[in-house]
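Here the structure comes first, spelled out in structure tokens, and everything after it is commentary.
Quick note: the coordinates plus some simple rules give every number you see, no bench work behind them. The structure displayed is predicted, hence computed values, not measured ones. With ideal geometry, Cβ positions are generated from the backbone for all residues, glycine too; neighbour counts draw on all protein chains shown.
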Amino acid sequence: MTKPNILLIVTDHWSARLLGVAGHSAIRTPTLDQLAQCGVRFTNAYSEHPVCIPARRTIMTGTSAREHGDRTFQAKLPMPAHLPTMAQTFRDAGYQAYAVGKTHTYPQRDRLGFDDILLDDEGRTHHGVTDDYEIFLGDKGYLGRQFGHGISNNGYAATSWHLPEEAHATNWATEQMCRIIRRRDPTRPAFWYLGYRHPHPPLVPPQRFLEFYRDVDLDEAYSGEWAKGDDLPLTLQAFQARYQLTLEEAQWARRHFYALCTQIDQQIGTLIGTIREEGLLDNTIVMFTSDHGDSFGNHGIWAKQNFYQSSANIPMLLMGVKGCERVGFDRLDNRLVCLADIMPTLLDLAGIDEPETVTGRSMLARPRDHLYGEFGEGELSSRMVHDGRYKLVYYAAGNHLQLFDLESDPDELDDLAERPSMANVLDGLRNILISELYGSDLEWVNDGNLTGLPNRAYRHAPNRGLGLTRGHQWPVPPINPGGLMNFFPETPSPKADEHT
């Protein structure tokens with residue numbers, strides 16, 4: 001039997017609910033809706049480390065932070081050499097393997113086992129590399145101008161794209177992947193990885209996609225009462241302090257964000273059309289997902305790094321080869337799956353043995369009884385345990401537990417942690433949490449009890465980097481060791497014992 005081709009599409013900041021087929025009231029995603037109908041949509045898919053770099057390490061290795069060593073966004077940590085990557089495993093099985101777009105690895109030209117990568121690293125010249133997208137812009141006469149829109153890489157100001165549409169990063173990535181597919185070796189199966197940088201900010205869609213949302217009533221943010229207290233755990237305080245948007249600013253951002261999603265959806269249509277025209281579609285497996293979602297103002301939070309649904313619950317669409325009964329079509333699957341499961345799932349469908357290092361499991365195998373997630377270390381830490389219905393969110397600072405029934409309360413408006421009737425559920429998930437802790441987290445447990453760390457007030461400081469706004473990229477900026485993101489800027493403590 002001919003080995004199937006594999007196309008893995010990974011976006012950035014795309015929440016599970018941002019699909020028309022998921023019932024969203026405003027978003028337009030006709031291509032992805034059809035893809036879901038041609039396969040299976042996993043409704044309980046999660047990013048177990050909902051921030052870019054740790055999530056992408058997990059995708060590439062089929063392991064969690066416990067194995068790959070990053071739960072904090074370590075921008076200059078190389079991929080662990082002892083962990084075989086997904087691309088290398090496919091190549092070892094006779095596949096050609098090519099990637100386009102965002103990989104978010106260090107060093108930037110690390111090929112991760114691929115035959116080649118055409119890189120879009122979002123202009124991270126401060127690490128010392130001019131990526132292939134920037135080179136393309138220079139070749140087209142737009143040298144150094146990709147950030148001429150003046151919009152931040154990690155903020156929610158927005159405007160329309162300032163260059164011709166074909167020069168947009170989304171269109172460039174699609175066209176490069178289409179060319180790779182056309183230029184494939186016809187004697188070998190292929191693994192193709194396409195990493196779109198959007199809808200991650202900067203929020204700069206081409207104007208014609210903004211027109212789709214000109215007269216559309218957009219949804220608005222929601223918030224549980226639990227998110228409005230004055231004694232919130234440190235990490236939650238920090239999340240809420242990072243962005244303060246008016247309703248008008250939020251809706252402006254939402255419109256541009258959705259336009260970026262629709263642009264990607266249309267470009268995926270072009271890509272799948274190319275695969276079909278090449279006569280490959282019936283023997284090609286397609287998976288679509290994201291490294292994490294975006295909180296979009298829900299519970300007073302923007303961006304990622306938390307375990308509420310908008311940030312951690314991600315789209316996971318899988319279309320098998322024609323007639324594949326294991327995947328099926330027009331199916332919903334509510335089993336718990338995560339980013340570490342992508343590698344073993346695709347290897348499973350291709351009939352390739354997974355490396356012994358893989359800790360994820362095939363999404364088509366026996367379901368797991370719980371899922372564990374982690375972000376951060378020390379006092380700015382949060383953890384998650386999900387059993388398929390109930391979700392426990394834990395903040396180390398303040399030893400703060402939250403419990404949500406996602407079956408009856410999918411927006412997490414009602415925190416059940418203090419509800420006497422939920423004590424058994426809470427205790428069960430807390431015990432699972434304790435059993436999952438390792439490393440420095442073990443300091444949060446004393447005599448078998450979860451005690452956490454002292455809480456304190458978050459001392460918010462202004463964002464001097466303006467959310468990583470970028471200047472002109474020509475002449476190429478110098479290597480800048482200090483040019484990294486500070487997620488939680490704080491003012492100095494007036495006294496060392498400032499605890500609450």
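So if I average 1/r over every pair of distinct C-alpha atoms in segment 6-117 and take the inverse, what Kirkwood radius in Å does that give?
Working: mean 1/r = 0.0636 Å⁻¹.
Over segment 6-117, the inverse of the mean reciprocal pair distance is 15.7 Å.
Give the calculated FRET efficiency between residue 332 and residue 165 to the nearest 0.05, with a Förster radius of 30 Å applied to their Cβ-Cβ distance.
Numbers: r = 35 Å, r/R0 = 1.15.
About 0.30, to the nearest 0.05.
Of the listed values [x] 48, 28, 20; [y] 34, 28, 23; [z] 37, 26, 20, identify the label whose number matches semi-axes √(5λ) of the Cα gyration tensor in Å calculated from this model.
The value computed from this structure is option [y].
Gap in Å between the Cα centre of segment 244-261 and the Cα centre of segment 330-366?
So the two Cα centres are separated by 35 Å.
Cross-link candidates for residue 322: which lysines have Cα within less than 17 Å, leaving aside residues fewer than 8 places away along the same chain?
3
Multiplying the sequence separation of residue 135 and residue 476 by 0.36 nm and subtracting their Cα-Cα distance, what value in nm do you get? Provide the component values of the computation, followed by the final result.
Details: separation 341, 0.36 × 341 = 122.76 nm, distance 1.11 nm.
Gain on stretching residue 135 to residue 476: 121.7 nm.
Mind ranking 311-324, 216-229 by how tightly packed they are, going by the mean number of other C-beta atoms within 10 angstrom, highest first?
Values: 311-324: 22.1, 216-229: 13.9.
Per-residue mean Cβ counts within 10 Å order the peptides as 311-324, 216-229.
Straight-line reach from residue 140: which lysines have a Cα under 23 Å away, not including same-chain ones fewer than 8 places off?
Filter leaves 102.
Reachable lysines from residue 228, Cα under 29 Å, same-chain residues fewer than 8 places away excluded?
304, 391, 495
Sequence-distant or interchain residues sharing an amide H contact under 5 Å with residue 338, placed H: which?
The answer is 46.
Provide the packing ranking of 25-31, 273-279, 190-196, 153-159, i.e. peptides ordered by the mean count of other C-beta atoms within 10 Å per residue, highest first.
On the way: 25-31: 18.6, 273-279: 14.1, 190-196: 24.3, 153-159: 20.4.
The densest-packed peptide leads the list: 190-196, 153-159, 25-31, 273-279.
For residue 414 and residue 247, what does the FRET efficiency come to when R0 = 25 Å and r is the distance between their Cβ atoms, rounded to the nearest 0.05? If you can, show how the numbers build up before the last one.
Numbers: r = 24 Å, r/R0 = 0.95.
The computed FRET efficiency comes out at 0.60.
Amide H to amide H under 5 Å from residue 103: which residues, 5+ apart in sequence or cross-chain, H placed 1.01 Å off N in plane?
Here 120 satisfy the definition.
Rounded to the nearest angstrom and ordered from largest down, what semi-axes does the equivalent ellipsoid of segment 351-460 get from its C-alpha gyration tensor (root of 5λ)? Write down the numbers at each step before the final one.
On the way: eigenvalues 137, 80, 37 Å².
For segment 351-460, the ellipsoid semi-axes come out as 26, 20, 14 Å.
Specify whether the C-alpha gyration tensor of segment 312-355 places it in the rounded, prolate or oblate class, a ≥ b ≥ c being the square roots of the eigenvalues: rounded for a/c under 1.5, otherwise prolate if a/b is larger than b/c and oblate if not. Don't skip to the answer; put the middle values down first.
Working: a/c = 2.38, a/b = 1.05, b/c = 2.28.
Here segment 312-355 falls in the oblate category.
Each residue of segment 144-151 in order: what ³J(HN,Hα) in whole Hz does its phi give by Karplus 6.51 cos²θ - 1.76 cosθ + 1.60, θ = phi - 60°, with x for Gly and Pro?
Each residue of segment 144-151 in turn: x, 9, 5, 9, x, 6, x, 9 Hz.
So, counting K/R as plus one and D/E as minus one, what does the shell of residues with Cβ under 12 Å around residue 170 add up to? Mind dumping the intermediate values first?
Details: positive: 102, 197; negative: 12, 120, 165, 166, 175, 265.
Around residue 170, the charge tally is -4.
Using θ = phi - 60° and the Karplus relation 6.51 cos²θ - 1.76 cosθ + 1.60, list the HN-Hα couplings for segment 400-407 in order, rounded to whole Hz, with x at every Gly or Pro.
After applying 6.51 cos²θ - 1.76 cosθ + 1.60, I find 9, 10, 10, 9, 10, 9, 6, 5 Hz.
Multiplying the sequence separation of residue 214 and residue 115 by 0.36 nm and subtracting their Cα-Cα distance, what value in nm do you get?
Details: separation 99, 0.36 × 99 = 35.64 nm, distance 4.28 nm.
Full extension of this stretch gives 31.4 nm more.
Let me know the shape class of segment 326-408, please: from the alpha-carbon gyration tensor, a ≥ b ≥ c as square roots of the eigenvalues, rounded when a/c is under 1.5, otherwise prolate if a/b is greater than b/c, or oblate.
On the way: a/c = 3.75, a/b = 1.65, b/c = 2.27.
Note, shape of segment 326-408 comes out oblate.
Between residue 6 and residues 5 or more places away or on another chain, which pairs have amide H atoms under 5 Å apart, with H built 1.01 Å from N, and which residues are they?
190, 191, 192, 285
Could you give me the ³J(HN,Hα) list for segment 76-87, computed from phi with Karplus coefficients 6.51, -1.76, 1.60 and θ = phi - 60°, whole Hz, x at Gly and Pro?
Going residue by residue, I get 10, 8, x, 5, x, 5, 7, 9, x, 7, 4, 4 Hz, with x marking Gly and Pro.
What does the charge count around residue 462 come to, taking other residues whose C-beta lies under 14 Å from its C-beta (Lys +1, Arg +1, Asp -1, Glu -1)?
Numbers: positive: 242, 459, 464; negative: 490.
In short, +2.
At 0.36 nm per residue, minus the direct Cα-Cα distance, what do residue 82 and residue 443 gain on full extension? Give it in nm, one decimal, please. Present the calculation step by step, with values, prior to reporting the outcome.
Details: separation 361, 0.36 × 361 = 129.96 nm, distance 2.80 nm.
Between residue 82 and residue 443, full extension yields 127.2 nm more.
Once whole DSSP H runs in the chain are found, which of them have Cα atoms spread over 24 Å or more along the helix axis and a mean Kyte-Doolittle score of at least -0.5?
Values: long enough: 247-277 (45 Å, -0.31).
Result, helices passing both filters: 247-277.
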